[in-house]
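The values are calculated or read from the model by the stated rules, or taken from the named source; none is laboratory data. Just so it is clear, the model here is predicted, and its values are computed rather than measured. Don't worry about glycine lacking a Cβ; one is built from the backbone with ideal geometry, like all the others, and counts go over all protein chains shown.
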Amino acid sequence: MPQKLPDYIAANKHRFVEELKEFLRIPSVSANPDFEDDVFDAAEFVKGKLLEAGADVAEICPTAGYPIVYGEKMVDPALPTVLVYGHYDVQPADPYDLWESPPFEPTERNGSLYARGACDDKGQVYMHIKAFEYMVREKALPCNVKFMIEGEEEVGSANLGNYITENKARLKADVILISDTSMLGIDTPSITVGLRGLAYLEVEVTGPNRDLHSGVYGGAVANPANVLAQMIASLHNSDGSIAIPGFYEEVLAVSPIEKEAMARIPFNEPEYKAHLDIAQVGGETGYTVYEKTSVRPTLDVNGMWSGYTGEGAKTVLPSKAFAKISMRLVPNQHPDTISELFTKHFKSLAPASVKVKVTPHHGGEPVVVPVDLVEYQAASRAYEATFGKVPIPVRSGGSIPIVALFEKVLGLKSIMMGFGLDSDAIHSPNEKFDLANFYKGIETLPMFYHFYTQAKSGK
Ligand code: BES
Ligand code: MN
Ligand code: MN
């Protein structure tokens, strides 16, 4: 049992936070080429900290995009191996003016650390590095550990699939451990047992061959912005369901037992609404908020633009209108099939007055992790040891597309021990990570190694 763990955390917590702040000061925004050098710097930072913590090997593995940091400590090849996955890249911090403190100047307020990446995923990656440091220093590492920390998660992990295919032998492990999701609450531990898949597309609607005077031509020439708005509006039925033919064909119905278990997951709707300042929740009728954000698929506009969007008013009938549309998928929907169904349907909606182009972006398959695995049971016991409560298995609405590939290519299940909170504002201004969650993560992860090794090898 990792006995000295709470003492080790208490004695080192200040240093842990200072190191994490250093990590957070690197603006490793993978989506924006202006930050290219910083993304590489973040990879170097991770490599350095893995070595400092006690890894025997840590190296930067180049890819066609941003590198993957690989590290390992092999205790004994006969013992199980845990492969930790996470990402050092972050989402863009825009809009900057909505941040109360600058996104890349990590600031502590009321027990939380505010910065882009504080929760997603630098803070959570750092819990793993510090948990590893503890286990190495206190001779409490019960098994082998490998790290694979990538820099392109926020832009679709385009090069990670190749990397794992080409490095199967090196990545040989027994389980994948990920902290890149959230928990129900610091007093309500939970383990993520599902992720939604993703199909992401961009649409372009073209009307006249140039922007026109909206008075001279308006009324006779179809406005692509108006047309696009109509097309998008028709993608949902009045009951909130999605109107693409065949969209629900592969959706697995949730069993009554699962439905009943979901209904018992603590959820406070008035608080949820107050937190978001909305008077009513939206979506499909006949489903709870939890169901709508976990086991049901969605279609959402992520961005839309056309015509004049600057200060003041310009009278213009735009030539083109654009939108970025995501669909979150559930078992057994496949991103390629859904993208095809979308494209065919969307094109069929267009009146003869416009031309439509649809371009698919990255996608990913949904995943579900069974709760009867020894890996899950070890994670459950770890939370029980540090929180004094059995964690609740929950399916999350977010996506980590590479998880499905880990299973396909490496044949490994992923255990998702996320320590974020839904209120951590990941991808939004004022992202934060509660330090209580950070410490609790560092405390709980070694417990997983302990119970997992015990279950696998009787040690
Ligand atoms: N860590 C998130 C995914 C996540 C967040 C899962 C919260 C569960 C709960 C990840 O970094 C992410 O943002 N994924 C993207 C997909 C990716 C292809 C850009 C997402 O879900 O939008
Ligand atoms: Mn993430
Ligand atoms: Mn993210």
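Some notes on this structure:
- The stretch 424-459 - residue that is of a type in the set (S, T, N, Q) and away from ligand 2 (no atom under 16 Å from the Cβ) and, of those, farthest from Lys389 (Cα to Cα): Asn430
- Among the residues of the stretch 70-84, the ones that are farther than 14 Å from Ala131 by Cα and among the β-branched types (Val, Ile, Thr) come to 2 in all.
- Inter-residue pairs, beta-carbon under 6 Å, first at negative phi and in the stretch 276-287, second β-branched (Val, Ile, Thr), 6+ apart: Val281/Val289
- Test: residue in the stretch 125-139 that is part of a loop (DSSP other than H, G, I, E, B) and out of contact with any strand residue (DSSP E or B) (no Cβ under 7 Å at 6 or more places or on another chain): yes
- Flag if Pro102 is surrounded by fewer than 24 Cβ atoms within 10 Å (Cβ to Cβ) and either without any contact (Cβ under 8 Å) to a residue 12 or more places away in the chain or away from ligand 1 (no atom under 16 Å from the Cβ) (or both): yes
- A Cβ distance below 8 Å, combined with a sequence gap of six or more or placement on separate chains, defines the contacts here; from the stretch 152-166, residues that are within 16 Å of ligand 3 (Cβ to nearest atom) reach residues that are of a type in the set (A, V, I, L, M) and assigned to a loop (DSSP other than H, G, I, E, B) in the pairs Glu152/Ala158; Glu153/Ile400; Glu154/Ala31; Val155/Ala31; Ala158/Ala64.
- Only a single item in (1) more than 19 Å from Pro393 (Cβ to Cβ); (2) within 16 Å of ligand 3 (Cβ to nearest atom); (3) of a type in the set (Val, Ile, Thr) is not met by Thr192, and it is number (1).
- Out of Ser380, Ser396, sole residue that is among the hydroxyl-bearing types (Ser, Thr, Tyr), away from ligand 3 (no atom under 16 Å from the Cβ) and touching a residue at least 24 places away in the same chain (Cβ under 8 Å): Ser380
- Residue that is modelled with the lowest pLDDT, among those in the stretch 253-280 that are surrounded by 13 or more Cβ atoms within 10 Å (Cβ to Cβ) and β-branched (Val, Ile, Thr): Val254
- Selection of the stretch 195-254 for residues being small (Gly, Ala, Ser) and in contact with a strand residue (DSSP E or B) (Cβ under 7 Å, 6 or more places away or on another chain) yields Gly197, Ala199, Gly207, Ser214, Gly218, Ala225, Ala243.
- Positions within the stretch 74-126 being of a type in the set (Gly, Ala, Ser) and either more than 23 Å from Leu51 (Cβ to Cβ) or more than 10 Å from ligand 2 (Cβ to nearest atom) (or both), in sequence order: Ala78, Ala93, Ser101, Gly111, Ser112, Ala115, Ala118, Gly123
- Residues located in the stretch 295-322, provided they are part of a loop (DSSP other than H, G, I, E, B) and under 21 Å from Leu201 (Cα atoms): Arg296, Pro297, Gly307, Ser319
- Residue list for the stretch 50-96, restricted to those being among the aromatic types (Phe, Trp, Tyr) and either under 23 Å from Phe419 (Cβ atoms) or in a loop (DSSP other than H, G, I, E, B) (or both): Tyr66, Tyr85, Tyr88
- Only one entry in Tyr85, Tyr66, Tyr126 is farther than 27 Å from Thr453 by Cβ and of a type in the set (Phe, Trp, Tyr), namely Tyr66.
- Looking only at the stretch 149-191, and only at residues there that are buried (at least 20 other Cβ atoms within 10 Å of the Cβ) and more than 14 Å from ligand 1 (Cβ to nearest atom), the one that is nearest to Asp372 (Cα to Cα): Val175
- For the stretch 406-457, the candidate set comprises residues that are farther than 18 Å from His275 by Cβ and at pLDDT below 95; within that set, the residue that is nearest to the chain's Cα centre (by Cα) is Lys456.
- Pro95 falls short of the stated requirement of being crowded, with 24+ Cβ neighbours inside 10 Å, more than 30 Å from Lys413 (Cβ to Cβ) and either away from ligand 1 (no atom under 15 Å from the Cβ) or in the same structural domain as Ala169 (by TED's automatic domain parsing) (or both).
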